[in-house]
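The values are calculated or read from the model by the stated rules, or taken from the named source; none is laboratory data. For clarity, every value in this text was computed on a predicted model and none was experimentally measured. Here Cβ is always computed from backbone atoms with ideal geometry, including for glycine, and neighbour counts include all displayed protein chains. Accessible surface is based on the protein model in full, side chains and every heavy atom, while ligands, DNA and RNA are left aside. Shrake-Rupley method; radii C 1.70, N 1.55, O 1.52, S 1.80 Å.
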Amino acid sequence: MVLTLKVISCAMNYNDGLLKEEDLREAQKKNRLIKLPSLIEYFGYCLCCGSHFAGPVYEMKDYLDWTEGKGIWAHSDKGLSPSPYVATLRALVQAAFCMVMFLYLSPSHPLSRFTDPAYQEWGFWRKLSYQYMSGFTMRWKYYFIWSISEAAMIISGLGFSGWTESSPPKPKWDRAKVVDILGFELAKSSVLLPLVWNIQVSTWLRHYVYERLVKKGKKPGFFQLLATQTVSAVWHGLYPGYIIFFVQSALMIAGSRVIYQWEKAVPTNMALVKKAFAVVNFAYTLLVLNYSCVGFMVLSKHETLASYGSVYYIGTIIPIALIILGYIIPAKPARFKARKEQ
């Protein structure tokens, strides 16, 4: 899966190097390859240890700069050289904690329960809470392996992404970061989820699918979002659960955008109403995410639909209803409302 992204991005970046720079977006200008990489460089990039099995994915341009000691990896006149040891240790401690959490929670939240007759006899709220706990439990497995990958990227030096503005400056390791655990679990909006989950793949999808589907001078819409999520589903594998999950995620994000637009439309002097919308968006994200992710975990169509149907498809109906309401009750910027009142 990681290799697929690397091969595609390398080919597209080389193609961008053949185009006029003024026709390119900022990300394309930054990552374009002017010269065809050698075979050793290409295979080194594709099979680089530490990120080959579980990511994170990164750009050929960054890999070449790292191997040749150029760009941010060039020796500084100030003598600054980032030490990876503290950041690596932090990532390894995080990995150990995630492993313990998964081993502790997984025996009491098996995925097989969704087709268990006993599960069907539970009440609505108990089923909903079990969906949440199943998703919460399964995520620790991903947090564990991504923390290990993060440690490998940091210790190699490839995860280095520059220095902070503080005094003294501290090294940043954003290129190695794959997930923000607290940012994901406490996300205030579904729109924020791709920014904190599988971060480098989300960035790849934005640069190589989402942005390239938007025509110049046009704004992205639901089509670009759905197409991007469909590409992600096919990349994960042709299982019904993946397809259903990523279509669901497109609906989830679109519904969350509607709530956010309504929140923005509330005048600043109505702080309580703004906070109420923010709480609603948080609750909506928590509900729909953990409802949707069952498909990602079980993969089969039968188990996915059995789980969704057990809670009356609430996580599908609510996003669709919000999208429709977004057209019926479009949000108007608060400043225009204030002017009208004046």
Is it fair to say residue 287 is within 21 Å of residue 119 (Cβ to Cβ) and over 23 Å from the mean Cα position of the chain (by Cα)? no
Candidates 110, 117 - the one that is free of Cβ contacts under 8 Å to residues at least 24 places away in the same chain and within 27 Å of residue 179 (Cα to Cα): 110
Scanning the range 162-207 for residues that are assigned to a loop (DSSP other than H, G, I, E, B) and among the hydrophobic types (A, V, I, L, M, F, W, C), which turns out surrounded by the fewest Cβ atoms within 10 Å (Cβ to Cβ)? 186
Across the range 110-133, which residue is surrounded by the fewest Cβ atoms within 10 Å (Cβ to Cβ) among those that are more than 18 Å from residue 312 (Cα to Cα) and either of a type in the set (A, V, I, L, M) or modelled with pLDDT of 95 or more (or both)? 133
Can you tell me which of 122, 73 is over 26 Å from the mean Cα position of the chain (by Cα), under 19 Å from residue 160 (Cα atoms) and of a type outside the set (S, T, N, Q)? 73
Could you please tell me which pairs satisfy a Cβ distance under 6 Å, a separation of 6+ or placement on different chains, a first residue in the range 16-28 that is more than 16 Å from residue 213 (Cβ to Cβ), and a second residue that is loosely packed, with under 11 Cβ neighbours inside 10 Å? 17/34
Among (1) over 18 Å from residue 206 (Cα atoms); (2) buried (at least 19 other Cβ atoms within 10 Å of the Cβ); (3) of a type outside the set (Asp, Glu); (4) over 21 Å from the mean Cα position of the chain (by Cα), there is one condition residue 91 misses while meeting the rest; what is its number? (4)
Considering only residues that are open to solvent by 40 Å² or more (accessible area, probe 1.4 Å), in contact (Cβ under 8 Å) with a residue 12 or more places away in the chain and either under 28 Å from residue 153 (Cα atoms) or among the basic types (Lys, Arg) (or both), which ones fall in the range 208-235? 210, 211, 231, 235
Just one listed residue, out of 279, 266, 273, is over 30 Å from residue 115 (Cβ atoms) and open to solvent by 60 Å² or more (accessible area, probe 1.4 Å), and it is 279
